[in-house]
Amino acid sequence: MMFSGRLGAIPRTVWLLGAISLLNDAASELVYPLLPLFVTSTLAGGPLALGMVEGAAEAAASMLKLVSGAWYDRLGRARPFVVSGYGVAAFARPVMALAQAWPAVLCLRVADRIGKGLRSAPRDALLSRSVNPAQLGIAFGLHRAFDNTGAVVGPLLAAGLLAMDVPVRHILALAAVPGLLCLALTMRVREPPGPWHVDPVRRRWQWASLPAPLRRLILVVGLFSFGNVSSVFFLLRASQIGLSPARVALLWSLVSALAALLSVPLSGWSDRIGRLPLLTGGWGLMGALSLGFAMATAPSTVWLLGVALGVHLAATDGVERALIGDVAAADQRGSAYGWYHLVRGGMLLPAAAWIGALWTATNARWAFFSAGACAFAAAALLRCWARPSPPVRPG
């Protein structure tokens, strides 16, 4: 009852952005669990190639997130970024079905993530502007719940189609259907009412213009991202331990289902107890997960680790974004989310290359051990050094 009452007060814009994310992630996650198999088997790439595909894609997206976020602060309008961002992704993903070598997948994956770079910071700023500060946690949690629900649907579709012996290339092409439905919904996005004073001459988006607590927070997020193993490596490790391609898709669906179910209550809880307890606990859990994947030898253990991964995502994804909204000034949120996404995503290329190279040069265990150490260090620094002040809440 407590959460149903609070959800009833969430504006229409948040629900619409959530539905758009659901369809987009259904398309994206129909493709995502198949990428390790497609790159390493069908296209004869290895762990390093897989790491380069994901790292380059996320790095390209992160650069655009800062540009689009700063531009949102100038325009005060998110709709053009939302429409174009989801549109680029909707057209890029199905074309992967035509790839004949892994560099082609890299280019298309970069195009997909360019779409994400265009939309992410303006969308997050629009979402935070659409609710009052006391609703930030539950609003971002709701959005992440929709997003993760799409990540349940996509892998389930992939697993079902694989079980029916549908070729991987045909499954990749089917990503066009939810992608186009998503694009149609973006046309209904409207800006929230209220004045928006834009001064493009004095608008500041440089790193030095951000408040010191926000800069420290983003730097620690960057350290965590460097040790945050890309999910493709979790999926590759699960396959290495003995899960079939269909079961790998089901595992990712389970992870996403748990994240969807728990995002609203956990992110909403952060509105009451504060962001830091959940965020440091979630980051510490990722450190433990990395150690678990390093030591796992039985498929049954992988399923337990998948449950823990779903809890980690629910406790951190929405809370991180809400914490940025807490600390950033209202007229600088586009730039703040741009810097957040730039640092968070920009660390993924060196991280993915490092994990892939370490995996190739030694073995999976050492790759996951080193990633876990970074996650534990980031959690400690968040508590001891970053510690942004909690927002003042009414009543």
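The values are calculated or read from the model by the stated rules, or taken from the named source; none is laboratory data. Keep in mind that what you see is a predicted model, and the values were worked out from it rather than measured. Counting neighbours? That spans all protein chains shown, and the Cβs are built from the backbone with ideal geometry, glycine included.
Key figures
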| item | result |
| --- | --- |
| Single match in Thr301, Thr297, Thr316 (criterion: within 30 Å of Gln240 (Cα to Cα) and crowded, with 23+ Cβ neighbours inside 10 Å) | Thr316 |
| Single unsatisfied condition, His341 versus (1) more than 23 Å from Ile218 (Cα to Cα); (2) in a helix (DSSP H, G or I) | (1) |
| Val83 vs. criteria in contact with a helix residue (DSSP H, G or I) (Cβ under 9 Å, 6 or more places away or on another chain) and either under 22 Å from Ser253 (Cα atoms) or outside any helix (DSSP H, G or I) (or both) | no |
| Residue within the range 202-214 that is of a type in the set (S, T, N, Q), closer than 30 Å to Val67 by Cα and buried (at least 22 other Cβ atoms within 10 Å of the Cβ) present | no |
| Selection count where residues are on the phi < 0 side of the Ramachandran plot and either among the polar types (S, T, N, Q) or surrounded by fewer than 21 Cβ atoms within 10 Å (Cβ to Cβ) (or both), scope the range 71-84 | 7 |
| Pair list, Cβ < 7 Å and 6+ apart or interchain, from the range 332-356 residues that are over 10 Å from Ser225 (Cβ atoms) and in contact (Cβ under 8 Å) with a residue 60 or more places away in the chain to residues that are among the hydroxyl-bearing types (Ser, Thr, Tyr) and outside any helix (DSSP H, G or I) | Ala352/Ser230 |
| Selected residue (only one of Val264, Val319, Val302 is within 21 Å of Phe368 (Cα to Cα), touching a Gly at 6+ places or on another chain (Cβ under 9 Å) and among the β-branched types (Val, Ile, Thr)) | Val302 |
| Unmet criterion (only one of (1) surrounded by fewer than 22 Cβ atoms within 10 Å (Cβ to Cβ); (2) more than 23 Å from Ala60 (Cα to Cα); (3) of a type outside the set (Val, Ile, Thr)) for Leu382 | (1) |
| Ala371 vs. criteria touching a helix residue (DSSP H, G or I) at 6+ places or on another chain (Cβ under 8 Å), in a helix (DSSP H, G or I) and either over 28 Å from Val67 (Cα atoms) or at pLDDT 80 or above (or both) | yes |
| Selection status of Gly310, under 19 Å from the mean Cα position of the chain (by Cα) and closer than 27 Å to Leu66 by Cβ | no |
| Residue within the range 35-48 that is in contact with a helix residue (DSSP H, G or I) (Cβ under 6 Å, 6 or more places away or on another chain), surrounded by fewer than 24 Cβ atoms within 10 Å (Cβ to Cβ), among the small types (Gly, Ala, Ser) and modelled with pLDDT of 75 or more present | no |
| Qualifying positions in the range 321-331 - over 18 Å from Ala61 (Cα atoms) and either modelled with pLDDT of 80 or more or outside any helix (DSSP H, G or I) (or both) | Ala322, Leu323, Ile324, Gly325, Asp326, Val327, Ala328, Ala329 |
| Scope the range 59-86; condition aromatic (Phe, Trp, Tyr) and within 16 Å of the chain's Cα centre (by Cα); matching residues | Tyr86 |
| Candidate set from the range 127-177 (those that are of a type in the set (A, V, I, L, M, F, W, C) and out of contact with any helix residue (DSSP H, G or I) (no Cβ under 7 Å at 6 or more places or on another chain)); member that is surrounded by the fewest Cβ atoms within 10 Å (Cβ to Cβ) | Met164 |
| Whichever residue in the range 95-151 is among the hydroxyl-bearing types (Ser, Thr, Tyr) and assigned to a helix (DSSP H, G or I) and, among such residues, is farthest from the chain's Cα centre (by Cα) | Ser128 |
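This table checks each residue for (1) closer than 21 Å to Leu66 by Cα; (2) not hydroxyl-bearing (Ser, Thr, Tyr).
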position	(1), (2)
Gly85	yes, yes
Ala89	yes, yes
Pro94	no, yes
Ala99	no, yes
Val105	no, yes
Asp112	yes, yes
Leu118	yes, yes
Ser130	yes, no
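Every residue, every condition in (1) closer than 14 Å to Asn228 by Cα; (2) not hydroxyl-bearing (Ser, Thr, Tyr), yes or no:
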residue	(1), (2)
Gly268	no, yes
Asp271	no, yes
Leu278	no, yes
Gly281	no, yes
Ser290	yes, no
Met295	no, yes
Ser300	no, no
Thr316	yes, no
Val327	no, yes
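Table: residues versus (1) of a type outside the set (D, E, K, R); (2) modelled with pLDDT of 85 or more; (3) over 19 Å from Thr149 (Cβ atoms); (4) assigned to a helix (DSSP H, G or I).
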{"site": "Ser256", "(1), (2), (3), (4)": "yes, no, no, yes"}
{"site": "Pro277", "(1), (2), (3), (4)": "yes, yes, yes, yes"}
{"site": "Ala294", "(1), (2), (3), (4)": "yes, yes, yes, yes"}
{"site": "His312", "(1), (2), (3), (4)": "yes, yes, no, yes"}
